[in-house]
Amino acid sequence: MISRRSILRTSAAAMLSGLSSPVMAGSRRSAAIRMFDTDNDGTLDLAEAKKAASALFAKLDRDHDGTLDRRELVGRLSAREFAAADPDHDGTLTLEEYLGVVEQRFNAANPDKDGTLDAKELNTRAGLALLRLLR
Ligand SMILES: [Ca+2]
Ligand SMILES: [Ca+2]
Ligand SMILES: [Ca+2]
């Protein structure tokens with residue numbers, strides 16, 4: 001009786017761990033890193049982050065005027081972050097201004113200053129803030 005119950009419990013646990021295993025694998029090499037890691041070294045460097053950010057910028061810039069306004073960046077930049085990223089206060093961000101924020105967030109997510117972000121660094125608050133500018 002007891003052993004049967006423990007078997008059930010074990011199989012339920014096995015199922016649960018089976019479900020969570022992709023997450024476990026993801027902690028070693030996250031989906032975000034796989035997506036943006038063009039040189040395949042298992043980490044994200046600033047050049048890779050800027051490349052991904054440029055691609056997103058182009059995608060979000062629907063009217064192809066080379067700038068993004070605050071509405072186009074909802075959920076990625078708060079009003080305050082947008083204002084800080086827009087030093088000429090014209091209400092839009094150029095790609096250069098956008099990549100400036102990317103670089104800031106990259107550096108904030110990289111406290112060990114080794115030039116790359118690993119899965120653990122990307123999973124921090126600063127790392128996730130960076131990812132919002134990349135995808
Ligand atoms: Ca890389
Ligand atoms: Ca501007
Ligand atoms: Ca790092």
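The values are calculated or read from the model by the stated rules, or taken from the named source; none is laboratory data. As the structure is a computational prediction, the values presented were derived from the model and not from experiment. Here the Cβ is made from the backbone with ideal geometry for all residues, glycine too, and neighbour counts use every protein chain on show.
Structural remarks
- Subset of the range 102-127 [out of contact with any strand residue (DSSP E or B) (no Cβ under 8 Å at 6 or more places or on another chain) and of a type in the set (Val, Ile, Thr)]: Val102, Thr124
- Cβ-Cβ distances below 6 Å connect the following pairs, each with a first residue in the range 41-53 that is farther than 12 Å from Ala109 by Cβ and within 6 Å of ligand 1 (Cβ to nearest atom), a second residue that is part of a helix (DSSP H, G or I) and of a type outside the set (Ser, Thr, Tyr), and a separation of six or more residues or different chains: Glu48/Phe36.
- The lone exception for Asp118 - which of (1) surrounded by fewer than 20 Cβ atoms within 10 Å (Cβ to Cβ); (2) more than 16 Å from ligand 1 (Cβ to nearest atom) it fails: (2)
- Filter result (crowded, with 22+ Cβ neighbours inside 10 Å and farther than 22 Å from Asp86 by Cβ) within the range 123-135: Gly127
- Residue in the range 100-115 that is without any contact (Cβ under 8 Å) to a residue 24 or more places away in the chain, within 15 Å of Ile33 (Cβ to Cβ) and polar (S, T, N, Q) present: yes
- Selection status of Gly18, modelled with pLDDT under 90, away from ligand 3 (no atom under 16 Å from the Cβ), under 24 Å from Ala126 (Cα atoms) and part of a helix (DSSP H, G or I): no
- Considering only residues in the range 74-116 that are on the phi > 0 side of the Ramachandran plot and away from ligand 3 (no atom under 16 Å from the Cβ), the one that is farthest from the chain's Cα centre (by Cα) turns out to be His89.
- Listed by position, the helices (runs of 4 or more DSSP H) inside the range 37-135 whose residues that are within 16 Å of ligand 2 (Cβ to nearest atom) number at least 1 are 46-60, 79-85, 95-108.
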